[in-house]
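K.L.:
Just passing along the structure, written as structure tokens.
Read-outs: derived from the displayed coordinates by stated rules, not from any lab. Quick caveat, the model's predicted, so the values are computed rather than measured. Quick reminder, even Gly has a Cβ in these numbers, built from the backbone with ideal geometry, and neighbours come from all protein chains shown.
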């Protein structure tokens, strides 16, 4: 028994740095949702139509449908963020299937109710590849609080600041 314990101790100590690194993660997102610009349509009895734009925590949506094939993001407690996106492309209109020459940045919002703090990467953004792939490796400003109670990650257009994709949180 003592031999097993002595042999296992170096392995345990070797794994501690890996555990410490994963503990530094504030929130992770796996998978993405493309924007549908309209969140609600109401037709009144008199035929009046009211359309509600898909606004998420004060951030307006893009005016056209966008799709995203995949997204993974990891936000560290110190504000460092890494986002890998795949296939962020127009899902409608004359430019369907293209990247619309867009540049993107990420915004993390932790509050469930207003007032919201928009913690963003560099607003200049990174260009989408022709197939819609992108990588963001940056630091959020302002830095997040130690707890992100209601995380929302938006991928936004650098040209007009609207959102066109969102991450799916895996560990709130």
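K.L.:
Please give the length that would be gained between residue 135 and residue 147 if that part of the chain were fully extended, namely 0.36 nm times their separation in residues minus their C-alpha to C-alpha distance (nm, one decimal).
P.N.:
1.8 nm
K.L.:
If you consider only alpha-carbon coordinates, what radius of gyration and Dmax does the chain have, in Å?
P.N.:
Taking only Cα atoms of the chain, I get Rg and Dmax of 20.1, 83 Å.
K.L.:
So what's the back-of-envelope 222 nm ellipticity for the chain, counting only DSSP H runs of four-plus at -39500 (n - 2.57) apiece and dividing by all residues, rounded to 500?
P.N.:
-4500 deg cm²/dmol
K.L.:
Using packing as a proxy for protection, rank 38-44, 108-114 so that the peptide with the highest average count of other Cβ atoms within 10 Å comes first. All intermediate terms of the calculation are to be shown ahead of the outcome.
P.N.:
Working: 38-44: 10.0, 108-114: 15.1.
Most protected by this proxy first, the peptides run 108-114, 38-44.
K.L.:
Calculated FRET efficiency, residue 46 and residue 112, Cβ-Cβ r, R0 41 Å, to nearest 0.05?
P.N.:
Values: r = 36 Å, r/R0 = 0.87.
The calculated FRET efficiency here is 0.70.
K.L.:
A follow-up question, please. Set the Förster radius R0 to 30 Å, insert the Cβ-Cβ distance between residue 77 and residue 38 as r into 1/(1 + (r/R0)^6), and round the FRET efficiency to 0.05.
P.N.:
Details: r = 36 Å, r/R0 = 1.20.
The value I calculate is 0.25.
K.L.:
Normalised radius of gyration for the stretch 115-172, please: alpha carbon Rg relative to 2.2 N^0.38 Å, two decimal places.
P.N.:
Values: Rg = 12.4 Å, N = 58, 2.2 N^0.38 = 10.3 Å.
For the stretch 115-172, the normalised Cα radius of gyration is 1.21.
K.L.:
Between 0 and 90 degrees, rounded to the nearest ten: what's the tilt of helix 2-23 against the longest Cα principal axis of the chain?
P.N.:
Helix 2-23 and the main axis of the chain meet at about 30 degrees.
K.L.:
Mind ranking 45-51, 71-77 by how tightly packed they are, going by the mean number of other C-beta atoms within 10 angstrom, highest first?
P.N.:
So the peptides 45-51, 71-77, ranked by packing, come out 71-77, 45-51.
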